[in-house]
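Structure, as structure tokens:
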Amino acid sequence: MLNIGTLALIPEYQGKGLGRQLLRKALEFGNSIGLPKTVLSANAENERAVNLYTKEGFKKEESVVCYNYKVQP
């Protein structure tokens, strides 16, 4: 299984299709080495990312909730 880690572009390069190109290249790579499945995680509040992934054929498999705790000095 191919696991795509953080995929991000600095603001000046967003909206130019580069994220889609990076995603497709990663998928092509996974396919070229025979990996049958690709997974990635996305912030559900990041609508642009979620839209990109769903348009590229990704399906929501499960949802998780993340918690954080700040240690007070």
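The values are calculated or read from the model by the stated rules, or taken from the named source; none is laboratory data. In this text, all values refer to a predicted model and were calculated from it rather than measured experimentally. Backbone-built Cβ (ideal geometry, glycine too); neighbour counts: all protein chains shown. With ligands, DNA and RNA removed, areas are computed over all heavy atoms of the protein, side chains included. Shrake-Rupley method; radii C 1.70, N 1.55, O 1.52, S 1.80 Å.
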Under the condition of being closer than 22 Å to Leu18 by Cβ and without any contact (Cβ under 8 Å) to a residue 12 or more places away in the chain, which residue from region 29-40 is least open to solvent (accessible area, probe 1.4 Å)?
Ser32
Write out, first by first residue and then by second, each pair whose Cβ atoms fall under 9 Å of each other, whose residues are 6+ apart or on separate chains, and whose first residue, in region 3-15, is closer than 15 Å to Asn46 by Cα while the second is open to solvent by 70 Å² or more (accessible area, probe 1.4 Å) and not in a loop (DSSP other than H, G, I, E, B).
Leu7/Leu22; Leu9/Leu22; Gln14/Arg48; Gly15/Arg48
Residue in region 29-41 that is nearest to Thr6 (Cα to Cα), counting only those that are part of a helix (DSSP H, G or I) and not hydrophobic (A, V, I, L, M, F, W, C):
Gly30
Any idea which of Ala44, Ala26 is surrounded by 12 or more Cβ atoms within 10 Å (Cβ to Cβ) and assigned to a helix (DSSP H, G or I)?
Ala26
Enumeration of residues in region 47-73 that are open to solvent by 80 Å² or more (accessible area, probe 1.4 Å), under 21 Å from Leu18 (Cα atoms) and among the acidic types (Asp, Glu):
Glu47
Please verify whether region 1-9 includes one or more residues that are of a type outside the set (S, T, N, Q), loosely packed, with under 11 Cβ neighbours inside 10 Å and in a helix (DSSP H, G or I).
no
